[in-house]
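Just so it is clear, none of the values below were taken in a lab; they were calculated from the coordinates. Predicted model only: the values in this text are computed from it and were never measured. Here the Cβ positions follow ideal geometry from the backbone for every residue, glycine too, while neighbour counts run over all protein chains shown.
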């Protein structure tokens, strides 16, 4: 009696096909084997030298790539902090401008004559001009600070690269 538990759903023809396929794979695998070739000693030495030089080059490239990533991350961190500082400064400026506008509107509402309106307008324009001058100076200082902070990691990296190259 034949054991059919392992061959459930298999017909005798499919069993023969699988056996034939396995035999073909065994014989065809031998056709593609690489022949064993013995290389001359000087060629093997040359290959070893090339591999050592390639490893050294790869290590140098990996070091430079890691340093470049460190510089990029550092620069990006400085840029992100600068964006936060700029937004905070803009909110402070906007708040000051809103307060000045409400003060001006309140003064205009209490004006009793045209000369009072003109005086309040002149005073408001002067205060706003002084505020604009101060804001422009602060913005220039902030931009200078941001540029310096973002350039510092790059300058350090270039200096280190110059030292390593020498």
For residue 87 and residue 155, what is the calculated FRET efficiency with R₀ set at 25 Å and r taken between the beta-carbons, to the nearest 0.05?
-> 0.45
Take the Cα gyration tensor of region 38-159, multiply each eigenvalue by 5, square-root it, and list the three semi-axes largest first, rounded to whole angstrom.
-> 67, 11, 7
Quick one: length gained pulling residue 145 to residue 33 fully straight, 0.36 nm per residue minus the C-alpha distance?
-> 33.7 nm
Whether region 110-163 is rounded, prolate or oblate, judged on the alpha carbon gyration tensor where a/c under 1.5 counts as rounded = prolate
Spin-label pair residue 131/residue 69, simplified geometry with 7 Å Cα→Cβ offset, distance in nm | 4.8 nm
